[in-house]
Amino acid sequence: MKMLKNSLLYLLLSAAPVFAADAEAVLERARAAAGEERYAAALEHLAQIQAFHYRETGAMPEALFYIAWIYQQTKAPERSADAVRELNRFYPESRWTLKANRDILTEQ
Amino acid sequence: MCTFSLQSLSRCAPVAVAVFIFLAAAASAQDQLAPPESMATSALLKTTRSLLESRQLADAIPYLQEVVGRYSSMDGDEAVQTRATTLHQLGLCLLETGDYEQAAARLGEFVETYPQHESAPLSRFLILEAYAWQDDPAQMTQYIERLDASGGLDALLSVFGREEADVYRHAVLSLVIAYARTADFENMQRFLPYCDADARSDTGLNLALIEGGDRALDDEEYLTALYLYRTVQKTGDLLAGYNRRIEELEAELAAPPPWVPQRERDAQQAEREAEQERLVRLKAEREEMAGSNYDIDLMLRMARCFEGLNRYWPACLLYRHIYTEFPESEPAEQCRYSAFQSLAVLGEPARAIEEGTTYRAMYPDGRFRDEVSLGLMHQHLALDEEEPAARLGRELLAQTPIHRYLDQVNYLMGYIRFQQQNYDDALDFFQTAAREWPNRLYAEESIYWAGMCNLFLSRFDEAVTVFKDYLDNPAWPEKNFAEDVTYRLGMARFGLGDFAASEQTFRDFLTRFPESGLVSEACSMIGDLRGAEGDLDTAIEFYARARKTAVTSEQEAYALFQAARVYELQNEWLEIISLMETYLAERGETGELAEASLWMARAWNARGEEQKALDICCETVLRYGGNPQLASVDLLLQQLIKESGVDRGGAEYAQKVLARLADDRSAACGSEGSRVLCLRLTALFAEISPDGDDAQALLDEPSLDGFTPLPLLVRAREALRQGRPDEVDPVYDRFMEQFAGIDSAAQMANLKIRALIDAGRFGAALSLARESFETYSGYPDAGRTQKLMADALRNLKEYDAAIELYNEFLTVREWRGELTPQVIYWIGVCRAKQDRITEAFAYFQRVYVLYELYPEWMAKAYAASIDCLEKLGRQDEIVKTWREMVANPAIAATPEGQQAQQQLDRLQKEAP
């Protein structure tokens, strides 16, 4: 009986809309696309975070970091800097901001 | 009452929440008030108190000011307390009545003079609020920074941790609302965490966030706007807030009112009635919220922010989300259009076409019909889909009501026709666009292209007129095409034969546009013109200038080889050699290796130094032949093959080439690191040596690694020669993968088409031939492609279509040559297949009468004509034809000639 209860609980939890998990899945797809140098696809995935998952404070700075990185790779330094500026302005305490300042701004 | 219609957002301005410590039982206001300065102090205090209690705040202000003034010079605790309280009240009244500047000043004076007063923390908030209402973020920020530096901010914020924090809840909400409304995101964020769930779902706050966002959007502060909109609670959150507040209020009203003294009963009753009214209002607001487009409006605003930030992917996703989730909503149509536009900007033409096409299907008379259809033409063109774009353009030209952007449709149709080299039609469209809409965006461009069409149609007179009129036209003081048009005017005058005017135009061009990318070309044109006049020294000077100012390798190479031609006229062979040596030394692998080497070889030959000439070419091949990327080495090899004569190994020059390179070839083929050079030399040997083993060696190579254009062509030709057409496929694929852009790609395509025909895949052959003909239309091998296209049609038994193409072939002077008798022969075959025997016979006869240089095709034509004569019953002429065949030794040696001889022998034996 206890087992059944636990299973039901698990089903309920897994069926619930877990926003953070969605955001992580989207980020994972973006990371994979960026890793394969499919930058347009990666930016399309990251756009989902910007459009729909912006309340996820963890997902947004990470997404912005990748956007900055992708634009750096595709030789669009102004756009890359825009994303880093956004990180510094709205997520100054995020580790992704520190990483962007260190890895991306330094290289620019 | 605040409305949720964001389109008509009214200012639901929250007013500062004043906590009137004097407020007690209501008192009636006095109708006639004496001037404050004339009153005794006790009367002044009583009047002031009465005005505050009756909330006549504006009237109370001068009395409060008088109290503050009188008590400023008094000592004693009671006097200090009265002055402090009055000063605070004065600040509150000023805030309530909207005099924010004075309110900030008075409250500032209060907290500075009485920092320990119990109302000081609240007053600090209210100062910020006063600044906020003044729309003065700089002062707000300064004040906060001042507080921060003095440690006052922590003290201010610490009140939220205390139990009496309730007192400040409304104050902080007001402050946050004020910051939000003025789009001061950073300061809003500082205080937002102190708003509880109820405050976060406060209608006033959320509408203020939207108002602030709109304000930032208007100021093109897209990022600030975006983050303000993102802070807005969505419908679900707001409804939860409403439900919570409604439940609490209902519970409060359902409970019996607490006991209060008799004198306060009326006030209590009034308060309960006000609460009841509030409940009704909250429920109405909840209903309105539930039925509104609030979330859609919010998403639309965010999408506009993304567009402003040039982030079209999130904008596109939001638009798609709206029309997918709310297909019946009013903005759904606009969102489909906006998604189409976003995809177009993102450079996703295929997806944009899908989006735009769906829009047109869903909203045939939609608001954005013309924008979408015009955009679709652009997107098709972005995909090089000229025909679909043209089809759509034709539809739009015939559309009723008339297309809003008909000028642009005409312009695009002109562009398409120009791309298709249909300059007559293109000219019509450009002229229409310029004539009918002279003030529209594309008028200037249309005139320029109309001139270009005339130029391409060799209507130089008209081109000169169009270009000159454009340059003299005052309609465009800042002419976008002045530079290009001046250059083209020089070209048109050149075409017209007005060389003096042409040269003067190019010289004017050099003066007016010294920084232009066309300077080199103008110099070369002047060089050409001077050269034609025999002024060779000046020509050489201009070619040198053209090389110096060249911005592309093509411009440099043109001037270089033109200079070589002038030196050739002057017999200045050493100048040519020096010029090319310098060029090759400077450009190396990036230069025109083949042509420069050939010029040097020609110069050495002219000086009687044949071995040096051969050495130059061979050294270039050996030096650069190991680099598979340098297709110009293959070009040079092809030139060596051409000069070695067509009869394999027969030419003396071929023998010299073989002798010169034999050792180098052995060395390259014996070394693992020289595969590319080995393959190239093997291909060269295969083409000029009598030994067929070299071609076989290339065909036997198990891997195509290191194969460059020439070895690939030789391998494909050998495969075809041996009847192994399937082996051409990988060779073709490899060629097109790496060398699709070079001249011999057309040859490779023709070999593949031939292979498809030989394999009986006529449909595929036709398709590839059509594609190839379009791609390589200007190449010398295009004639062969045209013939192969006709061959494919003939094999598909589409004789009329085949004949049409064969006839088109015959009209092009440049294609005349070895293929001409073949084409005429095949027309005859087509007519014979159609049982039009007399016509067929005439074609065969034409071949053997006119093309004696091609005995193979003469023999075939003779044989085919004999078939015709049989069908026509003209037996006597058959014998005559056999005799004619055997009388020509070249024909007699062919299989058809031998068969003719056998027939004659048979007749002789049968003769009595």
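The values are calculated or read from the model by the stated rules, or taken from the named source; none is laboratory data. Keep in mind the model is a prediction, meaning the values are calculated, not measured. As a convention, Cβ positions derive from the backbone with ideal geometry for all residues, glycine included, and neighbour counts pool all protein chains shown. Note: accessible area is taken over every heavy atom of the protein model, side chains too, but ligands, DNA and RNA are not part of it. Shrake-Rupley method; radii C 1.70, N 1.55, O 1.52, S 1.80 Å.
So the values come out like this:
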read-out	value
Helix axis angle, B:166-181 relative to chain B longest principal axis, alpha carbon, degrees	40 degrees
Total accessible area lost when A and B pair, probe 1.4 Å, Å² to nearest 100	1800 Å²
Per-residue average of Cβ from other chains inside 10 Å of A:39-49	3
Pairwise label distance in nanometres, B:Leu397 with B:Asp867, each label 7 Å out on the Cα-Cβ vector	4.5 nm
Burial ranking of peptide ranges B:240-247, B:847-854, B:574-581 (average Cβ count within 10 Å, highest at the top)	B:574-581, B:847-854, B:240-247
Ranked by how many other beta carbons lie within 10 Å on average, peptides B:321-331, B:600-610, B:483-493, B:124-134 from highest	B:124-134, B:483-493, B:600-610, B:321-331
Whole-angstrom gap from region B:230-248 to region B:271-285, using each part's C-alpha centre	17 Å
Rounded to whole Hz, the Karplus (6.51, -1.76, 1.60) HN-Hα couplings of region B:57-62, x for glycine and proline	5, 5, 5, 6, 4, x
Residue list for region B:754-768, given a label point 7 angstrom along the Cα-to-Cβ vector of B:Asp726 and an amide N cut-off under 14 Å	B:756, B:759-761
Taking chain B and dividing mean pair separation by its residue count, relative contact order in percent (alpha carbons under 8 Å, at least six apart)	3 percent
Rough spin-label spacing in nm, given labels placed 7 Å along Cα→Cβ, for B:Glu610 and B:Asp365	8.5 nm
For B:316-326, mean number of other protein chain Cβ atoms within 10 Å	2
Estimated 222 nm signal from helices in the protein assembly as shown, with DSSP H stretches of n ≥ 4 weighted -39500 (n - 2.57), rounded to 500	-23500 deg cm²/dmol
Burial order of peptide ranges B:89-102, B:291-304 (average beta-carbon count within 10 Å, highest first)	B:89-102, B:291-304
Accessible surface of chain B, 1.4 Å probe, proportion on carbon and sulfur as whole %	48 percent
Using alpha-carbon coordinates, inclination of helix B:875-887 to the longest axis of chain B, degrees	90 degrees
Peptide A:80-92 - average C-beta neighbours from other chains (10 Å radius)	2
Around B:Thr505: net Lys/Arg minus Asp/Glu count, Cβ-Cβ under 14 Å	-3
Degrees, to the nearest 10: B:745-758 long Cα axis against longest axis of chain B	70 degrees
Distance (nanometres) between label positions extended 7 Å along Cα→Cβ at B:Asp425 and B:Val80	9.6 nm
Farthest positive-ward along the protein assembly as shown dipole, Cα basis, beta-carbon charges - from B:Cys523, B:Ala382, A:Ala59	B:Ala382
Neighbour net charge for B:Asp664 - beta-carbon separation under 12 angstrom, K R +1, D E -1	+1
Karplus-derived 3J(HN,Hα), 6.51/-1.76/1.60, for each residue of region B:93-101, Hz, glycine and proline x	5, 4, 5, 5, 8, x, 8, 5, 5
Full-stretch length increase - B:Asp535, B:Glu118 - with 0.36 nm per residue and alpha-carbon distance subtracted	140.0 nm
Dipole in debye (nearest 20) - chain B, about Cα centre, beta carbon charges: Lys, Arg +1; Asp, Glu -1	2080 debye
Over 28 Å (Cα to Cα) - which of B:Lys548/B:Lys656; A:Lys75/B:Lys234; B:Lys642/B:Lys833; B:Lys612/B:Lys752; B:Lys787/B:Lys833; B:Lys860/B:Lys880 fall in this group	B:Lys548/B:Lys656; A:Lys75/B:Lys234; B:Lys642/B:Lys833; B:Lys612/B:Lys752
Note, ³J(HN,Hα) from phi for region B:801-808, Karplus 6.51, -1.76, 1.60, rounded to Hz, x at Gly and Pro	5, 5, 4, 4, 5, 4, 5, 4
Taking only Cα atoms of chain B, radius of gyration then Dmax in Å	45.9, 166
Length gained when the stretch B:Glu387-B:Glu325 is fully extended (0.36 nm per residue, less Cα-Cα span)	18.8 nm
Length gained when the stretch B:Asn807-B:Ala500 is fully extended (0.36 nm per residue, less Cα-Cα span)	106.4 nm
